[in-house]
Amino acid sequence: VATPRTPETVAFEVAHNIYPGDYLHLAVLHQHAYQRQGHVGASIKLKNAPESVISEGIEEVAYLRLNPDPSPEQLLACKLEWLRRMVTFAGAMSLQVEGRGEHEVLEAMARDGFMDAVRAQFQLRLIKHPLWGPYQYTYLLGRRLVEEGDRRAAACGAHETYLEYLYSGLHTPQTFLPGLDQILPA
């Protein structure tokens, strides 16, 4: 909350956090399990569970779903946040896999992600966290998968079929697109 952000970046973050991704996905899964099997299928969702990739992907495209005809400023804010997520992921890899120092990682994140020092420090704190550090991969991979699912569904005019599939299944990165291809009209 104390990290400085532009109004467009705040709008992106609000869209990401209010759009029906994680929570709606879990609620629909509960409803389907209860209706089909007579019990709630799960009561706890682990934040780094494989289906989080898809639900985060839903949230990563939320800003453009809420603004289907974005202004240049809105589009730039969205792409800038996606860039910052990629840079943060690269920073996590540099720090945790390559063993680079925090100072070097901070400089690269600030430079490559067009972040001020406060934002870069905030992101560094996230990637050092045992839960949020590994979680960084979900944003990039999830967005790419959901964007591709959106594209495939639009190409065959199957928006409603796609949304039901998107929200009612326990998808993993490995099963999401192959499962989608099975239900989309040829």
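For this structure, a couple of remarks:
- Each residue in the stretch 139-186 was checked for being in contact (Cβ under 8 Å) with a residue 12 or more places away in the chain and part of a helix (DSSP H, G or I), and 26 pass.
- Per-region count, the stretch 94-133, residues open to solvent by 60 Å² or more (accessible area, probe 1.4 Å), in a helix (DSSP H, G or I) and over 26 Å from residue 76 (Cβ atoms): 5
- Unique residue being open to solvent by 60 Å² or more (accessible area, probe 1.4 Å) and touching an Asp or Glu at 6+ places or on another chain (Cβ under 8 Å) when the list is 177, 170: 170
The values are calculated or read from the model by the stated rules, or taken from the named source; none is laboratory data. Since the model is a prediction, treat every value here as computed from it, not as a measurement. Note that each Cβ is placed from the backbone with ideal geometry, even for glycine, and that neighbours are counted across all protein chains shown. The protein model used for the area step is the full one, side chains on, heavy atoms only, and it has no ligands, DNA or RNA in it. Shrake-Rupley method; radii C 1.70, N 1.55, O 1.52, S 1.80 Å.
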